[in-house]
Every structure is written in structure tokens, then in C-alpha cells.
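Novice: Here it is, the structure in full.
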Amino acid sequence: MARAQLVVEELKKCGITHVVWLPDSETKYMYDALVATPELSLVPVCREGESFAIAAGLYLGGKNPAVLIQNTGFLESGDALRGTVLALKMPLLVMIGYRGYHGMLAGKKPVDTAAVYTEPILKAWGLPYYLVDTDQDVGNISLAYKEARETSQPVVALIGREYAS
């Protein structure tokens, strides 16, 4: 597991100003770390599909947002992603919780299809991605952010496990 505070520090290194997110019961440590960090503004949404439009508005307003959603929410967000972030050629860091990833790797039955579809859909949308599964992988957030800036497109950091305290 990646510790939430290390992830927050990495977001600060990237100059992220706002985290657009739908907090949930499984990401308590990340929520606690974000609300305790005055340099980052948490922008909660009601549905993940709103996150890309809100991030686009923040970006157009001169801010540097990141979107943090779960893979199921990403699946729901396709049209908003297409119509805003991709259309604007917006360099956006997107952190996607990879629900079901470790169960899928372990061959756990039944397989969580959210995990099965995540990477193929990212590839279909042409979205590069990096895996963040442990503390040692947290630097991949900066790599994804850097690539987003260099290519003027969203780049994904797939979060393989829930955050630790």
C-alpha cells in the first residue's frame, strides 16, 4: 500500500492546487491527509462524471487540478473526459483507484470486471498510465504528471491498493 501522506507530498511536488474527488469509505486515510494539507483544496463531487468538467473549469481558471476517482467512476465518465479534457488537450493528472486489481492478479473468482476493463479502456482512449501500488511507486505520480504536461493530454496513475495511514 502507498501511504496517503506520501501521495499528498507527491501531489504538492507536482504543484497540484486542487484535488477533484468523490471520497468514499475505502479512502479514509487519503481524505484525512488531503483535508489536513492547506496547500491542496479538496473539491468533492456528487458523481465521478462531474470531475472532469470541474477540473477543466479549474484549469481554465488558472489552477492546477488533479482528478482522483475509482475505475468504476472512470467508466462512467467517458463522455465528460472526451468532451472536456481531451477536447481541450488538457494536461491533467488522473489518479484512478484500480478496484479489483489484486483479486484479478490472484485469479480470485468471481473476477471484478471493473479491474478487467480498466487497462483496455485506458488503451482504447489512448491514455498512458503508470501503476502506483506501494510506497516505492509513489514517484510514478510525478512521472504521470510530467508526461501530461509534456503531451498536453491526461495521463493516469493507477492506484493498485487502498491508501495506508
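Novice: Given the criteria among the hydroxyl-bearing types (Ser, Thr, Tyr), in contact with a strand residue (DSSP E or B) (Cβ under 9 Å, 6 or more places away or on another chain) and closer than 19 Å to Ser152 by Cβ, does Thr84 qualify? Reasoning before the result, please.
Specialist: On the way: among the hydroxyl-bearing types (Ser, Thr, Tyr): yes; in contact with a strand residue (DSSP E or B) (Cβ under 9 Å, 6 or more places away or on another chain): no; closer than 19 Å to Ser152 by Cβ: yes.
For Thr84, the condition - among the hydroxyl-bearing types (Ser, Thr, Tyr), in contact with a strand residue (DSSP E or B) (Cβ under 9 Å, 6 or more places away or on another chain) and closer than 19 Å to Ser152 by Cβ - is not met.
Novice: Turning to a different aspect of this structure: Quick one: which of Tyr145, Tyr117 is aromatic (Phe, Trp, Tyr), part of a helix (DSSP H, G or I), in contact with a Cys (Cβ under 8 Å, 6 or more places away or on another chain) and surrounded by 15 or more Cβ atoms within 10 Å (Cβ to Cβ)? Can you show your working first?
Specialist: On the way: Tyr117 fails: in contact with a Cys (Cβ under 8 Å, 6 or more places away or on another chain).
Every option except Tyr145 fails the conditions.
Novice: Here is a follow-up. Give the residues of segment 76-114 that are in a helix (DSSP H, G or I), under 24 Å from Glu50 (Cβ atoms) and touching a helix residue (DSSP H, G or I) at 6+ places or on another chain (Cβ under 7 Å), sorted by residue number. Spell out how you get there, then give the answer.
Specialist: If we filter segment 76-114 for residues that are in a helix (DSSP H, G or I), which is where we start, we get 76, 78-88, 101-105, 113-114.
Those still in the list that are under 24 Å from Glu50 (Cβ atoms) too: 76, 78-88, 113-114.
The answer is Glu76, Ala80, Leu81, Thr84, Val85, Leu88, Ala114.
Novice: Still on this structure, I have one more. In segment 71-90, is there at least one residue being hydrophobic (A, V, I, L, M, F, W, C), buried (at least 20 other Cβ atoms within 10 Å of the Cβ), closer than 26 Å to Ala115 by Cβ and in contact (Cβ under 8 Å) with a residue 60 or more places away in the chain?
Specialist: Yes; the residues of segment 71-90 include at least one that is hydrophobic (A, V, I, L, M, F, W, C), buried (at least 20 other Cβ atoms within 10 Å of the Cβ), closer than 26 Å to Ala115 by Cβ and in contact (Cβ under 8 Å) with a residue 60 or more places away in the chain.
Yes or no, residue by residue, for (1) more than 15 Å from the chain's Cα centre (by Cα); (2) β-branched (Val, Ile, Thr); (3) within 16 Å of Val67 (Cα to Cα):
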site: Gly126; (1), (2), (3): yes, no, no
site: Tyr129; (1), (2), (3): no, no, yes
site: Val132; (1), (2), (3): no, yes, yes
site: Ser142; (1), (2), (3): no, no, yes
site: Lys146; (1), (2), (3): no, no, yes
site: Arg161; (1), (2), (3): no, no, no
site: Ala164; (1), (2), (3): yes, no, no
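Novice: For a quick check of your reading of the model, give me the residue pairs whose first member lies in segment 95-107 and is of a type in the set (Phe, Trp, Tyr), whose second is surrounded by 14 or more Cβ atoms within 10 Å (Cβ to Cβ), with beta-carbon atoms closer than 7 Å and at least 6 apart or on different chains.
Specialist: Tyr98/Asn71; Tyr98/Ala115; Tyr98/Thr118; Tyr98/Leu158; Tyr98/Ile159; Tyr98/Gly160; Tyr101/Ala115; Tyr101/Gly160
Novice: Does Ala55 fit the bill of being within 21 Å of Leu131 (Cα to Cα), surrounded by 21 or more Cβ atoms within 10 Å (Cβ to Cβ) and of a type in the set (Gly, Ala, Ser)?
Specialist: Working: within 21 Å of Leu131 (Cα to Cα): no; surrounded by 21 or more Cβ atoms within 10 Å (Cβ to Cβ): yes; of a type in the set (Gly, Ala, Ser): yes.
No; evaluated as a whole, the condition is false for this residue.
Novice: Give me the residue from segment 1-50 that is of a type in the set (Asp, Glu) and not in a helix (DSSP H, G or I) and, out of that set, surrounded by the most Cβ atoms within 10 Å (Cβ to Cβ).
Specialist: Here is the first cut: in segment 1-50, the ones of a type in the set (Asp, Glu) are 9-10, 24, 26, 32, 39, 48, 50.
Next cut, not in a helix (DSSP H, G or I) only: 24, 39.
On the way: Asp24: 14, Glu39: 10.
Here the answer is Asp24.
Novice: Can you tell me how many residues within segment 120-142 are charged (D, E, K, R) and either under 16 Å from Phe74 (Cα atoms) or in a loop (DSSP other than H, G, I, E, B) (or both)?
Specialist: Just the residues of segment 120-142 that are charged (D, E, K, R), to begin with: 123, 133, 135, 137.
Subsequent filtering for residues that are either under 16 Å from Phe74 (Cα atoms) or in a loop (DSSP other than H, G, I, E, B) (or both) retains 123, 133.
Number satisfying all stated conditions: 2.
Every number in this text was worked out from the coordinates using simple rules, so none of it is lab data. What you are looking at is a predicted structure, and each value in this text was computed from that prediction instead of being measured. As a convention, Cβ positions derive from the backbone with ideal geometry for all residues, glycine included, and neighbour counts pool all protein chains shown.
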